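What follows is one structure encoded as structure tokens, with my remarks underneath.
The values are calculated or read from the model by the stated rules, or taken from the named source; none is laboratory data. Here the structure is a predicted model, which means the values were calculated and not measured. Note that we place each Cβ from the backbone using ideal geometry, even for glycine, and neighbour counts take in every protein chain shown. The area values use the complete protein model at the heavy-atom level, side chains included, leaving out ligands, DNA and RNA. Shrake-Rupley method; radii C 1.70, N 1.55, O 1.52, S 1.80 Å.
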Amino acid sequence: MVSGTYITAYTWFDNTPPGSPDISNPALHRQAGGVGTYDDPVTVAVGHSWETGKDVLDVPAGTRIYLPDVRRYFIVEDTCGDGPTPEDGPCHAGASEHEGASIWIDMWIGGEGEEASFTRRCTRRLTGVHTAVFNPANNFVVASGDGVIHDGQCDGEYGSELARR
């Protein structure tokens, strides 16, 4: 468990390329998605580096993460930080700029079919230093609804308490 995780959110509108669910390191899905259960976790992006000449993710692709603030499971399938030196970008090197954070992850919240302004408000609402459980058990409570944005709602702010089924 890492209580100092800086968590941001990315959407259909600000993905690379914009207006797509494309991901760089598919592990379970071919595109960003998932409902948030252990068996169908939502895509999450992590920092990465080309320093060694190979693309190295800060957290290995396929790693599951449980985020109690949104009560959903996630899986590492994407990278945040573009360009030839992503190691100089915020996702790889910027977590320490946020008090108490030791790692930065960026959760996919979707938003296709929603207003861009709604998805931006949702990303701002969910951004902050929160608890994350890396390689979690499969018995944590999962909120209802498919993904973080569902049924016209931005679902989150449950807090850091780990509720088990």
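List of remarks:
- Expected 222 nm ellipticity per residue - DSSP helices of 4 or more, -39500 (n - 2.57), all of the chain, to 500: -2500 deg cm²/dmol
- Relative contact order (%) - criterion: Cα under 8 Å, at least six apart; region: the range 1-77: 27
- Here the 3J(HN,Hα) profile of the range 128-145, calculated from phi with Karplus coefficients 6.51, -1.76 and 1.60 at θ = phi - 60°, is x, 8, 9, 7, 9, 10, 8, 6, x, 5, 9, 10, 8, 5, 10, 5, 6, x Hz, Gly and Pro shown as x.
- Solvent-accessible area, 1.4 Å probe, carbon plus sulfur percent, for the chain: 46
- Accessible surface computed residue by residue for the range 65-165, with neighbouring protein chains in place and a 1.4 Å probe, gives 48 Å² per residue.
- The order of 67, 28 by accessible area, most exposed first and with a 1.4 Å probe, is 28, 67.
- Distance from the Cα centroid of the range 58-101 to that of the range 10-48 is 12 Å (rounded to whole angstrom).
- The relative contact order of the range 1-132 comes to 39 percent, based on Cα pairs under 8 Å that sit 6 or more residues apart.
- Taking Cα centre as origin and charging only the Cβ of basic (Lys, Arg, +1) and acidic (Asp, Glu, -1) residues, the dipole magnitude of the chain rounds to 480 debye.
- Packing, taken as the mean count of other beta carbons within 10 Å per residue, orders the peptides 135-145, 91-101 from highest to lowest as 91-101, 135-145.
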